[in-house]
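Let me begin by presenting the structure, written as structure tokens, before commenting on it.
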Amino acid sequence: MNDLIQKSTIDVVLIATIRPEILKITLSSFKNKMLYEKIFNHRIIINIDPIGDSEKTQQDIINICKEYFNDVIYNTPSTPSFPRAVKWAWAQVNSEFFLHLEDDWCLKKSVDLEEISQSFRENENLVSIRLNLRKNPNILNKTKFSLNPCVFRSSYIKNLYKKFDISKDPEKQFMDQLDTEKFPHPEFFLYGLANEGAYVIDTGKKWRKAQGLKKWGNPLDVSSWTKGKLPYIKEKYFHLKYMAFICYWKIKFCK
């Protein structure tokens, strides 16, 4: 079994925009605490929507990925769309299990990917194991479909893929379509122990505040981020706060 595991590859799906600073935190924290290559090889599949830092390009994001992964599969669409990004990325997955990520997550604690893969092999109904943004509840298998950082069983996602509607938010549409022909009783688990603290940090919220942006109202298009009107002092405050958090996250979680 160990020889088989050592030779296997786990794909990493990354849905990204042009946000180099927080992407580096995401990749560094996950490489250091989960995606180390002692057991698995990793291939990153990244869609980079053309929105974010106007002084950087999609190629800059590709170059950052190449600092952390030897095998980088990328898509650089000319217009942004979150549903199209997810659909394209899922179609590229080849591994038995894969990690679904977005570019604005920081991993706080170590995660045993070998333990996760073993859980999938022992429970044929298990289709996802999620890293919780909040404290874990008392019962770890009473969760739901989510696109927070999550390891998915690829065959389950391939079944959902047949129903993929790019006119709807992926997370919302599949919350109502959990069962499939091959998985009539899918199970969704949270990683870790009951009542254990959060595993990930959503860095995107701080970034949006620093940019004076409100999250998109239209789920089809990340370009529907809208610029809020803030007083100059408040705008500077949020920017300085964001930079302080960037420094803290780098020191605390990206060693």
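The values are calculated or read from the model by the stated rules, or taken from the named source; none is laboratory data. None of these values were measured; they are calculated from a predicted model. Here Cβ is always computed from backbone atoms with ideal geometry, including for glycine, and neighbour counts include all displayed protein chains. Remember, those area values only see protein heavy atoms, side chains included, never the ligands or the DNA or RNA. Shrake-Rupley method; radii C 1.70, N 1.55, O 1.52, S 1.80 Å.
Side notes on the structure shown:
- Conditions (1) under 18 Å from Ile15 (Cβ atoms); (2) in contact (Cβ under 8 Å) with a residue 60 or more places away in the chain; (3) within 18 Å of the chain's Cα centre (by Cα): number failed by Ser167: (3)
- Residues of segment 177-187 that are assigned to a loop (DSSP other than H, G, I, E, B) and under 21 Å from the mean Cα position of the chain (by Cα): Gln177, Leu178, Pro186.
- Only a single item in (1) open to solvent by less than 50 Å² (accessible area, probe 1.4 Å); (2) farther than 25 Å from Ile51 by Cβ is not met by Asn138, and it is number (1).
- Answer residue from segment 147-157, given it is part of a loop (DSSP other than H, G, I, E, B) and open to solvent by less than 10 Å² (accessible area, probe 1.4 Å) and is farthest from Thr180 (Cα to Cα) among those: Pro149
- Just one of the listed residues (Lys241, Lys252, Lys214, Lys229) is over 22 Å from Asp169 (Cβ atoms), modelled with pLDDT under 85 and open to solvent by 60 Å² or more (accessible area, probe 1.4 Å), namely Lys229.
- Those residues of segment 66-93 which are over 20 Å from Pro20 (Cα atoms) and either open to solvent by 60 Å² or more (accessible area, probe 1.4 Å) or at pLDDT 95 or above (or both), in sequence order: Arg84, Lys87, Trp88, Trp90, Ala91, Gln92, Val93
- When every residue of segment 183-200 is checked against the conditions, at least one turns out to be at pLDDT 75 or above, within 18 Å of Asp103 (Cα to Cα) and surrounded by 16 or more Cβ atoms within 10 Å (Cβ to Cβ).
- Take the conditions (1) more than 17 Å from the chain's Cα centre (by Cα); (2) assigned to a loop (DSSP other than H, G, I, E, B); (3) among the polar types (S, T, N, Q); Gln118 misses just one of them, which is (2).
- When Glu96 is tested against (1) open to solvent by 60 Å² or more (accessible area, probe 1.4 Å); (2) closer than 24 Å to Thr17 by Cβ; (3) at pLDDT 90 or above, exactly one condition is not met: (2).
- Here segment 28-65 is the region considered, the condition is being assigned to a helix (DSSP H, G or I) and β-branched (Val, Ile, Thr), and the residue that is surrounded by the fewest Cβ atoms within 10 Å (Cβ to Cβ) is Ile62.
- Pair list, Cβ under 8 Å, 6 or more apart: segment 41-69 residue in contact (Cβ under 8 Å) with a residue 12 or more places away in the chain, other residue of a type in the set (Asp, Glu) and assigned to a strand (DSSP E or B): Asn41/Asp71; His42/Asp11; His42/Asp71; Arg43/Asp11; Arg43/Asp71; Ile44/Asp11; Ile44/Asp71; Ile45/Asp11
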